[in-house]
Amino acid sequence: MTERHSEILVIGGGVIGLSIAWHLSRSSHSITVMDSSEPGQASQAAAGMLAPLAEASAPGPFLDLALASLRRYPEFVEGVRDASGLALEICGPGMLRVARTSEEAAALDRALEWQIALGLPLERLSGEEVRRLEPAAAQSILAATHSPQERHIEPRLLIAALSAACRRRGVEQISGKVIGLESEAEQVVAVRTDTARFSCRTLVIAGGAWSDVSAQWLGVNIPVTPLRGQILALGPSANPLLQHTLYTHGAYLVPRRDGRIVVGATEESVGLDTSTTAHGIAALRTGAESLVPTLTDQPLQSAWTGLRPLSADALPLLGRVPGWGNVHVATGHGRNGILLAPITGSLMASSILTDAPLPNAFDPARFGGAL
Ligand SMILES: Cc1cc2nc3c(=O)[nH]c(=O)nc-3n(C[C@H](O)[C@H](O)[C@H](O)COP(=O)(O)OP(=O)(O)OC[C@H]3O[C@@H](n4cnc5c(N)ncnc54)[C@H](O)[C@@H]3O)c2cc1C
């Protein structure tokens, strides 16, 4: 068995673990990220929308966190792009949240009343105005909220760039599954894989939908379960069918730079099953074609799944693990981990390095601590 040491050890090399490592890498500590490449890693599967207002139904701590993360995104991308040398960028002219019934249009209007106070530029469009911006959009679209600052990013490129940027800053990245922890007096002193023992001074659990396994070793309640998302790509089409992301609660379409359109996503509680299903793919295609009818002619380029880490109250868990002096957790980002990556990395790094306080709403102790 190999013996290694790292001052700070992060379990999980998805967008959350890597963003934490990236923000920590400005310190002088040695940092290691361990990842087991579980099938279903959420970060590689995501659509990449950076859309706080699509997901939040009212003002509150989640929306504050999401907006703070969106504000940080340009600087985050610039830093990761410069350090990695990869052409990472925030894409597209923004999002159209569309309504196809009068009830949906009324809901958009009600939401706009409180959303407008948040400082993002938002505009109410009629169906005709939507089709002027997006000629392929369905005639059935009655209205939309146009949100130019809710753009998107290519998640696989983001992961590749974060990984390269971390490496350049000296963060070690190890392929391997953590299968157990060693502790002394409420401190984790080492983690074990099949072949190695890594001693550490600080442990960060960012294991996505698998975080509860580490929590069980610690005897604490981290109620996070997998929520499967099936998602697919249509095209590519030589003449891009869309510029904006089209979003409804049932389906969304995210145009990629290469002419493909990503269609998301199902929400299924099926444990760690990462299959795609005929029903899931058919439902996504139907939803897509109801927004852009000509998508019916587009080939199915690929379909895949990811397991979102969903917490019991749908809010992230960020902070110190109750009862443990040197263990921190960042998980439960559900449908929004790509959006929330910059703020999570920044808040967690400050908390780990300087004990800076984190917002109470996300305190992991809210679920009672011990199992
Ligand atoms: C279909 C779909 C669409 C989505 N679309 C969006 C979107 O548009 N916008 C948005 O903001 N978010 C979106 N999300 C959500 C987002 O992808 C997740 O919230 C985010 O990726 C979670 O990141 P994570 O790092 O916590 O988890 P993951 O990306 O799942 O990473 C966790 C990592 O931990 C590793 N791990 C776990 N246990 C161990 C262990 N014991 N040892 C070693 N490694 C371990 C796993 O191998 C895994 O790689 C989407 C998700 C899905 C599935």
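Numbers below:
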quantity	calculated
Any hit, the stretch 255-270, residues being within 19 Å of the chain's Cα centre (by Cα), surrounded by fewer than 23 Cβ atoms within 10 Å (Cβ to Cβ) and over 30 Å from residue 142 (Cα atoms)	yes
In the stretch 33-79, the residues that are in a helix (DSSP H, G or I), within 12 Å of the ligand (Cβ to nearest atom) and closer than 22 Å to residue 261 by Cβ	42, 43, 44, 45, 54, 55
Exclusive hit being without any contact (Cβ under 8 Å) to a residue 60 or more places away in the chain, closer than 30 Å to residue 238 by Cβ and either away from the ligand (no atom under 15 Å from the Cβ) or hydrophobic (A, V, I, L, M, F, W, C) (or both), set 296, 276	296
Test result for residue 107, free of Cβ contacts under 8 Å to residues at least 24 places away in the same chain and under 26 Å from residue 227 (Cβ atoms)	yes
Single condition residue 6 does not satisfy, out of (1) within 12 Å of the ligand (Cβ to nearest atom); (2) of a type in the set (Gly, Ala, Ser); (3) buried (at least 17 other Cβ atoms within 10 Å of the Cβ)	(1)
Positions within the stretch 113-150 being part of a helix (DSSP H, G or I) and in contact (Cβ under 8 Å) with a residue 24 or more places away in the chain, in sequence order	114, 115, 118, 130, 133
Residues that are buried (at least 24 other Cβ atoms within 10 Å of the Cβ) and hydroxyl-bearing (Ser, Thr, Tyr), drawn from the stretch 14-34	19
Count of residues meeting criterion [among the aliphatic types (A, V, I, L, M) and assigned to a strand (DSSP E or B)] in the stretch 240-254	3
Candidates 117, 56, 143, 164, filtered to the one that is surrounded by 15 or more Cβ atoms within 10 Å (Cβ to Cβ) and in the same structural domain as residue 255 (by TED's automatic domain parsing)	143
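The values are calculated or read from the model by the stated rules, or taken from the named source; none is laboratory data. None of the values given here were measured: they were computed from a predicted structure. Don't worry about glycine lacking a Cβ; one is built from the backbone with ideal geometry, like all the others, and counts go over all protein chains shown.
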